[in-house]
1. Length gain on complete extension for the stretch residue 414 to residue 87, per 0.36 nm per residue less the alpha carbon to alpha carbon distance?
2. Residue-wise, which Karplus ³J(HN,Hα) couplings in Hz belong to the stretch 29-39, taking 6.51 cos²θ - 1.76 cosθ + 1.60, θ = phi - 60°, and x for glycine or proline?
3. If packing is taken as the mean number of other Cβ atoms within 10 Å per residue, what is the order of 385-397, 208-220, 45-57, highest first?
4. For residue 18, enumerate residues with amide H under 5 Å from its amide H, sequence gap 5+ or separate chain, H modeled in the peptide plane.
5. Ranking request for peptides 131-142, 401-412: highest mean number of other beta-carbon atoms within 10 Å first, then the rest in descending order.
6. At 20 °C and a viscosity of 1.002 mPa s, what translational diffusion coefficient does Stokes-Einstein give for the chain, taking Rh as the Kirkwood radius over Cα pairs? Give it in µm²/s as a whole number.
7. Only helical DSSP H runs with n ≥ 4 go in: add -39500 (n - 2.57) per run for the chain, normalise by residue count and round the 222 nm mean residue ellipticity to 500 deg cm²/dmol.
8. Simple spin-label model, 7 Å along Cα-to-Cβ: residue 206 to residue 114 in nm?
Amino acid sequence: MEHLPVEVIGNILSRLAAARDVVIASATCRKWREACLKHLHTLSFNSNDWPVYRDLTNSRLEILITQTIFQTTGLQCLSIFMDDVDEFSAAPVIAWLMYTRETLRCLLYNVRTTPNVNILEKCGRQKLEMLVLAHNSITGVEPSYQRFPCLKSLSLSYVSISALDLSLLLTACPKIETLALVNPEIAMSDSQATMELSSPTLKSIYVEAISLDKFILEADSLESLHLKDSTLDLFELIGKGTLKHLKIDDVSVIHLDIGEITEHLEAVDVSNFTIMWPKFYHMISKSSKLRRLRLWGVVFDDEDEVVDLETIAVYFPQLSHLSLSYDLRDGLLHYGASRLKNVVVLELGWTVISELFTHWVAALLDRCPNLKRLVIHGVVSEAKTREECNTLANFTSSIVRLMRKYMHVDVQFEYE
């Protein structure tokens, strides 16, 4: 061990990350203390790593964090996540940021400060590449294009910010590739009813628990769009058709527009969503490269609508993973004659078990000649009626008989 270069020891301590473990390990000998001082680049204070953090007062925590940070000289990644701490004083937080700002590339911080500290002001125009910020307020963003010249990933959770400041912040990050917005408190001015964000470099955006009238995103390089638990009157994506992954989960939106050019889509995942199938299908119909399609718990805007498997087979020839779960109704099962030749994984589910489900499974198996795995998802209520038990028993027997015909298919059952 004594022959290890001090730089290698610094890397070892950085992999520990957790501050308590780093402090204990650095007490091994003088060489390890030197590695902690000069070559430690990752340090984390997380209340989940050490329960004792929860027993310390805020002032004691501030002293502990300050002493530990000030015993390093080149931190590149600093994480302070204290779920049980209400707030820190502004002075020590400013000291941490000012001490590390010249070398810091990654900052994760989720504690409120009193008074509020402008984190962006302290970290601007430096080497920061990743910023994860929660439970803070962002105000007065300067309209400077080079404010964050190196920032590639930005995550804002439970953050208070105006629509204008958020737009300016995105503009101030000329290299940003990833953006996450989780339950932000977005203030709209009287003259601004629409939130407009624009970035030529953005590749991935995740939006959760947001409520807006209109959300317009202009992103020419966007590849991944994920909307979750949100309410929007209008969501519009303006770009050059680079989108590859689209995921919509429990979203209420009146008008959804992802653009006319969808030929690069590879995965579409829609769950707990009310859709007009003809309109939605038209939106993704040019996606001949689609490999994964998931429609789970969807509700049709028109009660006579149904997912048309014929169109899926014809227009998505490269589809390899198909997942379907929606309310099956008698007389509305449109299978078509075309086969899903490349589908190797098939996931099927129900919300209310019925005799139709068995026929549906059989029909789909017949149209997937190269299927390797079948996963059946089901919901079984705790207070099962006799009718439900009989239906489930008949379904199980039918599946057993069906699987004798498809011995090469691996079958799995997942019940809730």
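Nothing in this text is a laboratory measurement; each read-out follows from the coordinates by a stated rule. Just so it is clear, the model here is predicted, and its values are computed rather than measured. Glycine also receives a Cβ, built like all others from the backbone with ideal geometry; neighbour counts cover every protein chain displayed.
1. Stretched fully, the residue 414-residue 87 segment lengthens by 113.4 nm.
2. Once θ is set to phi - 60°, the couplings for the stretch 29-39 become 6, 4, 5, 6, 5, 5, 5, 5, 6, 9, 10 Hz.
3. Peptide ranking by packing, descending: 208-220, 45-57, 385-397.
4. 44
5. Descending mean neighbour count gives 131-142, 401-412.
6. Reported coefficient: 86 µm²/s.
7. Taking each H run of at least 4 residues, the total per residue is -8000 deg cm²/dmol.
8. In this crude label model, residue 206 to residue 114 measures out at 3.1 nm.
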